[in-house]
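K.L.:
One structure, pasted below without further comment.
Please treat every number below as a calculation from the coordinates, not as lab data. This is a predicted model, so every value here is computed, not measured. Positions of Cβ are backbone-derived with ideal geometry, glycine not excepted, and every protein chain shown enters the neighbour counts.
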C-alpha cells in the first residue's frame, strides 16, 4: 500500500469513528435493526406479500445482504455491492404507498431498537434512499419530479 | 436526486469514493470520475469520503451543468469498481479553481491501467 493510500484509509477510519462517536451505531445494532425491521415487514398486510413473492424462502440470505447494505451505508464498510435501483425498477406493482409503509416500519424499528441519535441517523439515510428510488421508479425523465411527496421526516 | 462529481475531481481523481459506493455507480474518465444519476441511490456515503470535496448533492444550487455532465459521461465512460492509483501530481491540483476549462478530457479512463494492477 502506498503512503497516500495508507493515510487515506486512516482518514476513512477517522470518519467512521466520528459517526460511531456521534451515533453509537455499530455492526450489532445494524443487524438488530435489519432483523427487527424485516420481522415487521413479513407480518405486514400491505408489503409483506410483495417481499414474500420476491424473497420466497430465502430470508437468511436477504437478511445477510441487507445487513451488508446498511453496514456500507452507515459505517462505509463497502461490504455490499449491488444495484438496488435496477432491482426496484423491475418491481412493476410497487407504488409510492408501499414506500410509505416501508418507511413507517423502518422508523418504528429504528426507534424501538436504537438510541435516539442512531435512530435519527438510520431514518435520515432511509428517507433519502427511498426518495431516490422513487424518483427513479416513478418520475424518471420527467418534469414531474417536483411532485414527489417529500417523505422525509422533520430533522 | 443524486450526488454529482464536480470540478474539484479533475486531475485529482483520488477514487476513494469507488471503494465505499455500495451501488458501483462511478464511471471513469481520463482525469475525473462521474456518477451515474440513474444508479445512485443518494446514500451519501461518498460525499465525506472525497479528499478533494468534489462530490455534492444535486440539490445544491448551481450544479445543473455538473449533473448534465455526470449523466452524459456515465453513459460513455467505463464503470469503475476498484480504486486505482491517483495521478502522481494529484495534490498539486487539489484546490485549484476552474479545472474544467483547463484540463477536462472526454477520453475514457482505461480499464487495463497498469496502476490498477494491484500496486495499491
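K.L.:
Scan region B:75-90 residue by residue and report those that are free of Cβ contacts under 8 Å to residues at least 60 places away in the same chain and in contact with a helix residue (DSSP H, G or I) (Cβ under 9 Å, 6 or more places away or on another chain).
P.N.:
Answer for region B:75-90, where residues must be free of Cβ contacts under 8 Å to residues at least 60 places away in the same chain and in contact with a helix residue (DSSP H, G or I) (Cβ under 9 Å, 6 or more places away or on another chain): just B:85.
K.L.:
A further question on this structure: When you go through A:89, A:66 one by one, which is the residue that is touching a residue at least 24 places away in the same chain (Cβ under 8 Å), over 15 Å from the mean Cα position of the chain (by Cα) and closer than 28 Å to residue B:46 by Cβ?
P.N.:
Result of the check over A:89, A:66: A:89.
K.L.:
Does residue B:30 satisfy being within 13 Å of chain A (Cβ to nearest Cβ) and touching a residue at least 40 places away in the same chain (Cβ under 8 Å)?
P.N.:
In short, no.
K.L.:
Next question, about the same structure. Looking only at region B:33-57, count how many residues are more than 9 Å from chain A (Cβ to nearest Cβ) and either closer than 19 Å to residue B:93 by Cβ or out of contact with any helix residue (DSSP H, G or I) (no Cβ under 9 Å at 6 or more places or on another chain) (or both).
P.N.:
Matching residues across region B:33-57 total 8.
K.L.:
Additional query: Any idea which of (1) in contact with a helix residue (DSSP H, G or I) (Cβ under 8 Å, 6 or more places away or on another chain); (2) within 14 Å of chain A (Cβ to nearest Cβ) is the one residue B:7 doesn't satisfy?
P.N.:
(2)
K.L.:
Kindly check whether there is at least one residue in region A:51-66 that is assigned to a helix (DSSP H, G or I) and within 14 Å of chain B (Cβ to nearest Cβ).
P.N.:
yes
K.L.:
Filter region A:67-91 for residues that are outside any helix (DSSP H, G or I) and at the interface with another protein chain (Cβ under 7 Å from one of its Cβ atoms); which is surrounded by the most Cβ atoms within 10 Å (Cβ to Cβ)?
P.N.:
Among them, the one singled out is A:76.
K.L.:
Before we move on, is residue B:2 closer than 18 Å to residue A:125 by Cβ, within 11 Å of chain A (Cβ to nearest Cβ) and in contact (Cβ under 8 Å) with a residue 60 or more places away in the chain?
P.N.:
Considered against the rule, which asks whether it is closer than 18 Å to residue A:125 by Cβ, within 11 Å of chain A (Cβ to nearest Cβ) and in contact (Cβ under 8 Å) with a residue 60 or more places away in the chain, residue B:2 comes out as yes.
K.L.:
Also: Counting just the residues of region A:34-50 that are assigned to a helix (DSSP H, G or I) and without any contact (Cβ under 8 Å) to a residue 40 or more places away in the chain, which one comes out surrounded by the most Cβ atoms within 10 Å (Cβ to Cβ)?
P.N.:
A:34
K.L.:
Please count how many residues of region A:102-142 are surrounded by fewer than 17 Cβ atoms within 10 Å (Cβ to Cβ), more than 13 Å from the chain's Cα centre (by Cα) and away from every other protein chain (no Cβ under 14 Å).
P.N.:
Qualifying residue count for the region: 6.
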